[in-house]
Structure formats: C-alpha cells, structure tokens
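Read-outs throughout are calculated quantities, based only on the coordinates presented, and are distinct from any laboratory measurement. All values derive from a computational prediction rather than experimental measurement. All Cβ positions, glycine included, derive from the backbone under ideal geometry; neighbour counts span all protein chains shown.
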Amino acid sequence: MIQHRGTLAAIASELVADEREVLLSNIARARATLDWMETAVSTGQVHMDEELARILRGE
C-alpha cells in the first residue's frame, strides 16, 4: 500500500497490478454513474438500465 503523499504520477507508478485494476474499475463505475446522473438531469428519465446496474454491482 502507498505510504506517502505525492503527485498522481508518483502514486500511479507505485500501484501494483491488482491495485491499478481495482482503481480503474472504480473509476469506470463512477464515470458510468455520473453519465447516468447527467442523462437523468437532462431528460428527466431516471430509470437505471441493466447495464449500469451490472456495472454498479461490480459484475
């Protein structure tokens, strides 16, 4: 685990493969959630499709 604070580049270079995979997966989940929120605000449609639900469940 990373023990110090530093630049994003320094932190990224210290990530092991598993940590990088988890981080990228969480970023994808956050991005999908934000896309859904933007669509909900823009269109008023708040129905969550199965693809987003699957992503949020981590599948």
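Here are the numbers:
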| read-out | value |
| --- | --- |
| Stretchable slack from Thr33 to Glu21, in nm (0.36 nm times residue separation minus alpha-carbon distance) | 2.5 nm |
| Using θ = phi - 60° and Karplus 6.51 cos²θ - 1.76 cosθ + 1.60, couplings along region 8-13 (whole Hz; Gly, Pro as x) | 4, 4, 5, 5, 4, 5 |
| Helical mean residue ellipticity (222 nm; -39500 (n - 2.57) per DSSP H run of 4+; nearest 500) of the chain | -22500 deg cm²/dmol |
| For region 44-56, 3J(HN,Hα) per residue [Karplus equation, 6.51 cos²θ - 1.76 cosθ + 1.60, θ = phi - 60°, Hz, x = Gly/Pro] | x, 8, 10, 5, 8, 6, 5, 4, 5, 4, 5, 4, 5 |
| Relative exposure of Ile11, Ile27, judged by other C-beta atoms within 10 Å (fewest first) | Ile27, Ile11 |
